[in-house]
Amino acid sequence: MPGATLEAYLAVAALLFGIGAMGVLLRRSPLAMLMSVEIMWSAAGLALVAAARWWLDMSGQVLTFLAMTVAAAEVAIGLALVVIIFRPRERVDVDDVHDLAG
């Protein structure tokens, strides 16, 4: 990171996290919400990697690798649920889902 400062990376991570949070809060499509959650995971990973590189510590990069693994599993499960729930429906809106209610 010779050209950029830690604050620049953290600003980009905060911007990405804000975009992801707004996507989760404002979008009603489950796929858009899932992509927004992935943006938030990526922002957290970027912040961890930048901080780890800044302090010359590998623990942030290892934690980011574990978070990426969890995010991949979350996407697989989330996409499977979205396909199963919304396959018979014409309109996709998370407010219409009552199938998972106990």
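Things to note:
- When the residues THR69, THR64 are ordered by accessible surface, computed with a 1.4 Å probe over the protein chains alone, the sequence from largest down reads THR69, THR64.
- Shape category assigned to segment 1-84 from the gyration tensor of Cα positions, a/c cut at 1.5: oblate
- Apportionment of accessible area to carbon and sulfur, segment 1-89, percent (1.4 Å): 79 percent
- Only protein heavy atoms count here; under a 1.4 Å probe, VAL62 has an accessible surface of about 80 Å².
The values are calculated or read from the model by the stated rules, or taken from the named source; none is laboratory data. Here the structure is a predicted model, which is why all the values come from computation and not from measurement. Surface areas here come from the heavy atoms of the whole protein model, side chains and all, with no ligands, DNA or RNA. Shrake-Rupley method; radii C 1.70, N 1.55, O 1.52, S 1.80 Å.
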